[in-house]
Every structure is written in structure tokens, then in C-alpha cells.
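Here is the structure we will look at, set down as C-alpha cells.
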Amino acid sequence: MPRKTVFQASVEFLQILDEDAKLDAKLAKDTLTDDEVKFLYEQMIINRQLDEIAFKLQRSGRMGTYPQNKGQEAAALGSGFAAKKGSDYIVPCYRENGSMFLHGLPMHYVLLHWMGDERGNQIPDGVNVTPIAIPIGTQMLHATGMAMAFKIRKEPRVAVTYFGDGATSEGDFHEAMNFAGSFQAPVVFFCQNNQWAISVPRETQTNCETIAQKSVAYGMPGIQCDGNDLFAVFRATREALDRARAGGGPSFIEAVTYRLADHTTADDAKRYRDPEEVEAWASKDPIIRHRKYLEAKGLWDDAKQAETEARAKTIVQEIVRAAEGIEKPSVEEVFDSTFAELPPEIRRQRDTLRTSSIGQEPDQAGLRAHEEARA
Amino acid sequence: MPERNLVQAINHALAHEMERDERVVVLGEDVGFNGGVFRVTEGLQARFGRDRVVDTPLAESGIMGTAIGLAMADMRPVPEIQFEGFLGPAYDQLVNHAARYRTRTRSAITIPLTVRVPVGGGIHAPELHSDSPEAIYAHTPGLKVVMPSTPYDAKGLLLAAIRDPDPVLYFEPKRVYRSFKEEVPDEDYTIPIGQAKVVSEGTDITVITWGAPVFQCLAAMDALPEDVSMELIDLRTIYPIDMDTVIESVRKTGRAVVVHEAPKTCGMGAEISSIIQEHCFLHLEAPVQRVAGFDTVMPYYKLELEYLPEAPRIEKGIMECLAY
Ligand SMILES: Cc1ncc(C[n+]2csc(CCOP(=O)(O)OP(=O)(O)O)c2C)c(N)n1
Ligand SMILES: [Mg+2]
């Protein structure tokens, strides 16, 4: 009886723009033009500004809990930019604002969501983005289902779904990967490995050396890329999208990045993270790296930086104004969006809201008449 | 005597029981090094080590399923599900396994398990961090469900839950977590599962509630006309329900209002109303009233106080009940 290797696998790591902002020209071929890099860099600054203002809004009691995206802007933007706006579908978690915005989500929607308002999820027609997903690891199945529909209808479309390193521990993640592999669904699994799931480090989530290698078990190509490198993220995503569109099924991308801020405004990462680790990653900040790259190419300077930062401030001010300017929703809205047609009991509760404590027959006991008589 | 808030009382009770019984193991997301997102398990890992206070991968089904296995192997697991909205992935393990093991093995295998879960609204939390799912689990044969509203009760009920031979869901009303302190003795004591508490005695009307609405009901009580004498019952255990305390009170007052955060339809209020009409029919002066959440999805926090039974709505319900 033979004993032999019947299967072997390996995982590639892709980096095109290194930490010192040196570009591998060969790998960068057919990726991003100078103008595109500039555009995406500006988006990074705007997204970072939104993050900072969102943090301040929370601290001053004008907004609830907010998860900062800080440090992960290149991963969100590079991948979002690779997907086809208006055709592909973005199925996010909550740390890829940049990708949602690139696909047309009005920026104030994200603030509305975190301000405790469902209208932040009321995605406008034509914007192919699903709302922020709070229950971890759940949305990848929806992306897979969408991709199955694209395949059934023979549409050249792909669903791109985002999730964290922690999410890869949930059962739903594995079911999504398995379904996608089994049905060869055109879906791109984009894992933002930011090294932490709240206080739990990446090593606790899995005994695997990489997250990318999980793709192997589901029969799909997987790659690990530098998540703070726009070129690598773009290239890895574009390759996955092209493959999916050509009928090659799903792919998995592990973007290696870092959550530079606390998990959310409700968290204090100093309790569990080594400041040296944070320091080391802060120097790999995608904003620093891409600025250096653009400056070295003579495409950027201090004046442009100042001008962009000022523009970012204005844009974000507008976003805040839009989010805060909206009138408080009515309770009736909650009822009205429960079903297409309200069942009688819910209608009764809705209509007796202001007259009865309990949503039952209003004033069965004649209390109001009683009160009126007393008055 | 030491004063403790709800978080501190639960933390203290966990430490107390881990000290007393080395089979007790705490597991969940962020419960170890970080001491839990609400700091309920703060300091336990440093004190009892990483084998007994376990930071798990992010997987609720994994947490619940392995907790069942731990229990089967004679440990006393106390898993935490970070928020009630994330019980979803654990549902199958909890309902189809933990709850049924004893019956389907005719008691050959039992699951002594205490699942801690923060529940309820009122803290401006994001989506799926504010629901009140107690009725779902009270409706699951084989599970016990408790919800303390005070630090003193929290300790006594947690010790009773961990020592119980069957699975107990231990719901923690997060709105109360840090709202006040009271004396919680260091000594060992339990509060029996299935025992309600009369918070305030009265003769005209009985108000039955549990969890955070206890304090809304107290506020409503203060706002009632001077001549109304209200009896307030804190159920403390949702299942098995303390029918005797409820029945005795309603037979005395002849009127009852049930208050809960969960949706009205099929909420515990429905069950309690039914118990009351079965046992107190000839004593009733008015139909049992329910002041509850609406039959809608729990709204995001901008509207949560409209949804939750706040004091003015409770007061109105009480007055309507009294008007008969
Ligand atoms: C099903 C579920 N369980 C637990 C939580 C609570 N929670 C919110 S974020 C988070 C960590 C997520 O980590 P990861 O997937 O790595 O994403 P990251 O926040 O790092 O971007 C946890 C445990 C949740 N939202 N959903
Ligand atoms: Mg993470």
C-alpha cells in the first residue's frame, strides 16, 4: 500500500508598493494610473477625516458607538476601486467605508447608521451596496447567494464581500466559502485581517499560519496581500474579479493590515495591545506610504496636501450637517416598515400608540371620559 | 458590607464560585485578557489562569457547543455570549442540545451550564445590542431563565445557576449594569431559581416585571396618585415562573399589569396573563394589562425609548387598569 502526498498547497503573498514606498514596476503594470493613485490617496484623506470627526461626535455625545476604519483605508479603497460600480455588488461589514462610498453610498448614511437611525441603511436605488453588517460573519452567505443569482442569470457580475479576521471563526463563514466553492459562484471573499478582533489577537482565532490558506479547503484560489498597499490590493482584487467574470468561480483575498484605532469608541485597546506593536504598524500607515510614493514621483507636495486636507474638512462638515440635519424618525415608521401590509394587531398597536399604554382597544375602560369628567 | 454595582456583583460571584469549585470555567469572546466588553470578567484570567478563563475564537456556536462538551466532562462551564443579538449562531446548540440532553438520555447525561448574556435596551447601543429574547428561551423546555435586576440578587442567582444541575440562561440587564450600587455580602448565599421578590407591597394593583423595567415601574409608582397602593413584583426568574407569588398578590389586589421590554405578542406577559386568569378569575376587577415593547423589530437607538416601556407609559397602563 502506498503512502504518498495526494495534495499540497501553498499561499502567495503579494506586495507591490513596499513600506518604503518603493514600487515593483513589473507587478504594478496594468494596475493603477498616476491619476487613479492620486484620486484614491485623496479618498484616504477624506475617509480618515470622517473617522476623526466621527470619533469626536461620539465623544461629545452626538453619536453612538463608532468603529474607526483608521489604517485600513487602502484595503477598502483598493478593492472597492477594482470592482465595477453599478454592476458588481459590495457586501460589507463595517470597516470598509471607503469601498461603500466608491460604489455610491452617500457618505452621511454611514453616520446616520451609527447615530441610531435605520435610514442610514435605506440604500438609494442603483447603489449596489448592502448595509453595514453588525452580526459578525453573516453577510458572506448573502454575497454568495447574490453571486449564485448572477450565475443563474448569466450576468457578468460579481459580489465582493468584506469581513474581519475574527469573522473567519464563525460557522457562517465556512458555509459561505463552501457554498461558493461548490457552486462556483462569482464572489470575492475579502478578509481584512487587521490582526485583532476586539481584544482577541489573530493567533487565537486560528492555528493556521495565514488566513488565506483557508481558501484551499474550499477549493478556491486564495492570496495574501499587503493590505496597506493600494497596488497589491487592487491587483489581487482585479484578478479575482476577472476570474469570477470569466466563470472561474470564487476567490479569497487576505489583506494584511492593522486596526490603528480602538475597536470602536466603546473600546480601549491600550488595555490589551503592546504600544510597540501599534507603533510599528503606525509607520506602515497607508496614508504615509502613498504620500511618499506620490511625492517621489513629483505628483504631490505640501500645498496639495494642505488643500486636500482643507477640502476633506469641508466635505466632512457637509456630511455631518446632512446626518444631523435630518428630522428624528417617527415611531410610526418602525411599524410601517415591519411588513408590506400591516397585520391588524400591529396596526392596532401603531394607531393606539398615542392614546393607550398597551396598544389594545383604546380606552376600553372609559378612562379618558373619566379623566375628562374630572378635568 | 461591600457595596457593588451589578457588574461588580457578577464579577465577585464568578470569582467566589471559581475559588470554591475548580470545575468552573469561564469562556467567551474577550472575556479573558480584556475582562469582557462590559468588564464583568475583569481580573478573572489573571487570578485563575488561561485554562479556566478562556478567550475563544469568534464563534457563538463554538462557545455553546464546547461548553456543552465541558459540562458533559464534569466541568461547570459559564460561557458568555457578548450580546443577546449574537445568541443566534448558538441557538442550535442551546436549544437542540443543552436543553434536550437530559430528557433524551433519560438523565444519563445532564448539562450543568450557565450562559451569561447581557440583554435589553436603553444604552444607545448599535443594532442587535438591545433585544429582550427571554420569552423565546422560556418557551424552550429544558432551559431555565433568570434575570436579576439588582446586585444582591445577581450574586445569589448566579451562584444558584452555576450550582444548578441543568442549563440556565442568566440574562443581565445591561441598562442596570452601572446604574447603582448596593450591599452585596462577601459571604456565600444563593437565591433559589424560581423565586420572585415582592419589591414593594400594596393592595390596589399588582405590577409584575423583571430586569431593567423594575426601575421604570418604581418611577411609575412614584408618579401615581397618593391614594393608589401598588404592589411591585420582580420576577427574577422567568422560567420556572413563581406562580404562587403572582397568584397570591393578584388575589389580594384584583388587578394586574405586566411590564416587559420584549414585544407584546407571545411575550412573557401573555403567559402571565393566562396564569392569572386561570388562577385568579373570581378575584379580578379588570383585564390584565400588558405594557410591553411593540410587535416590531427593536428600533435603532434614536427611537428606543419610544419602544421601551418607560415610566409614563407604565403609569398610563396602571391607571387604565385601575379605571375599570
Ligand atoms: C455574531 C457576533 N458575535 C459577536 C459580536 C461582537 N463583536 C463585534 S465586532 C467583534 C470583533 C470582530 O473582529 P473582526 O472580525 O476581526 O473584525 P474587526 O472588528 O477587527 O474589523 C465582535 C466580537 C458581533 N457583532 N457579532
Ligand atoms: Mg479584525
- Message: For Cα pairs less than 8 Å apart in space and 6+ apart in sequence, what is the mean separation divided by the residue count of the stretch A:28-101, i.e. the relative contact order in percent?
- Response: 31 percent
- Does the stretch A:36-147 come out rounded, prolate or oblate by the C-alpha gyration tensor, with a ≥ b ≥ c the root eigenvalues, rounded set by a/c under 1.5 and, if not, prolate when a/b is larger than b/c and oblate if not? oblate
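Just list whichever of A:Lys38/A:Lys284; A:Lys70/A:Lys284; A:Lys22/A:Lys297; A:Lys38/A:Lys292; A:Lys22/A:Lys292; A:Lys26/A:Lys70 have alpha carbons separated by over 21 Å in the model shown. Mind showing how you got there, number by number?
Values: A:Lys38/A:Lys284 18 Å; A:Lys70/A:Lys284 12 Å; A:Lys22/A:Lys297 11 Å; A:Lys38/A:Lys292 12 Å; A:Lys22/A:Lys292 9 Å; A:Lys26/A:Lys70 29 Å.
Those over the limit are A:Lys26/A:Lys70.
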- Message: I want to verify the translational diffusion coefficient of chain B in µm²/s; compute it with Stokes-Einstein, Rh as the Kirkwood radius over Cα pairs, at 10 °C and 1.306 mPa s.
- Response: 80 µm²/s
- Message: Between 0 and 90 degrees, rounded to the nearest ten: what's the tilt of helix B:213-223 against the longest Cα principal axis of chain B?
- Response: 30 degrees
- With just the Cα atoms of chain A, tell me how far they stretch along each of the three principal axes, in Å, largest first. 88, 67, 43
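List the GluC sites (Glu not before Pro) within the stretch B:1-102 that fall in a DSSP loop (any state other than H, G, I, E or B) and whose Cβ has at most 16 other Cβ atoms within 10 Å. Can you show the working numbers first?
Details: sites: B:Glu3, B:Glu17, B:Glu19, B:Glu22, B:Glu29, B:Glu42, B:Glu60, B:Glu80, B:Glu84; in loops: B:Glu22, B:Glu29, B:Glu42.
Passing both the DSSP loop test and the Cβ count: B:Glu22.
Compute, for chain B, the length of the dipole vector about the Cα centre, with Cβ point charges of +1 (Lys, Arg) and -1 (Asp, Glu) only. Units Debye, rounded to 20. Could you put the intermediate results ahead of the total?
On the way: 30 positive and 47 negative charges, 155 e Å.
Charge dipole of chain B: 740 debye, to the nearest 20.
Set the Förster radius R0 to 51 Å, insert the Cβ-Cβ distance between A:Arg62 and B:Ala270 as r into 1/(1 + (r/R0)^6), and round the FRET efficiency to 0.05. Please list the in-between numbers first.
Values: r = 39 Å, r/R0 = 0.77.
Once the sixth-power term is evaluated, E becomes 0.85.
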- Query: Considering only DSSP beta bridges with both partners in the stretch A:12-324, what is the antiparallel share in %, to the nearest 5?
  - Reply: 10 percent
- Taking the Cα-to-Cβ direction at B:Leu128 and at B:Glu182 and moving 7 Å from each Cα, how far apart do the two end points lie in nm? 3.4 nm
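Count the lysine pairs in the stretch B:170-324 whose Cα atoms sit under 21 Å apart, keeping only pairs 8 or more residues apart in sequence or on different chains. Walk me through the numbers on the way to the answer.
On the way: B:Lys174/B:Lys197; B:Lys174/B:Lys264; B:Lys174/B:Lys302; B:Lys181/B:Lys197; B:Lys197/B:Lys252; B:Lys264/B:Lys302; B:Lys264/B:Lys316.
So the count works out to 7.
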- Message: Taking the 0 to 90 degree range and rounding to the nearest ten, how far is the long axis of helix B:311-322 tilted relative to the main principal axis of chain B, both from C-alpha atoms?
- Response: 50 degrees
- Task: Report the Stokes-Einstein translational diffusion coefficient (µm² s⁻¹, integer) for the protein assembly as shown, Rh taken as the Kirkwood radius over Cα pairs, at 25 °C with viscosity 0.890 mPa s.
- Result: 90 µm²/s
- Return the lysines within reach of A:Lys154: Cα separation strictly under 26 angstrom, same-chain partners fewer than 8 residues apart disregarded; answer none if there are no such residues. A:Lys84, A:Lys85
- Message: Tell me the angle of helix B:151-163 to the major Cα principal axis of chain B, expressed in degrees between 0 and 90 and rounded to the nearest ten.
- Response: 50 degrees
- Message: Would the stretch B:3-183 count as rounded, prolate or oblate if I go by the C-alpha gyration tensor, calling it rounded below 1.5 in a/c and otherwise prolate when a/b exceeds b/c, oblate otherwise?
- Response: rounded
- Item | Straight-distance crosslink candidates among aspartates and glutamates, where the alpha carbon sits under 14 Å from A:Lys313 and sequence neighbours closer than 8 are dropped | A:Glu42, A:Asp51, A:Glu52
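Just checking the output field for A:132-138: average partner chain Cβ neighbours within 10 Å of each residue's Cβ?
Working: counts 2, 2, 8, 8, 7, 4, 3.
Mean number of neighbouring Cβ atoms from other chains: 5.
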- Average partner coverage of A:83-95, which counts Cβ from other chains inside 10 Å: 0
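If Lys and Arg each add +1 and Asp and Glu each add -1, what is the summed charge of the other residues whose beta carbon sits under 12 Å from the beta carbon of B:Ala138?
Values: positive: B:Lys144; negative: B:Glu134, B:Glu271.
Once positives and negatives cancel, what remains is -1.
Count the DSSP beta bridges whose two residues both fall in the stretch B:3-183, then state the antiparallel fraction as a percent rounded to the nearest 5.
Values: 2 of 20 bridges.
Approximately 10 percent, going by the DSSP bridge assignments.
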- Query: Is it possible to state the helix-based mean residue ellipticity at 222 nm for chain B, with each DSSP H run of 4+ residues giving -39500 (n - 2.57), the sum divided by total residues, to the nearest 500 deg cm²/dmol? What is it?
  - Reply: -9500 deg cm²/dmol
- Calculate how many DSSP beta bridges within chain B are antiparallel, expressed in % of all such bridges and rounded to the nearest 5. 20 percent
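We did not get these values from a lab; they are worked out from the coordinates using the rules stated. Note that the coordinates shown come from a computational prediction; the quantities given were computed from them, not determined experimentally. FYI the Cβ positions are ideal-geometry reconstructions off the backbone, even for glycines, and counts take in every protein chain you see.
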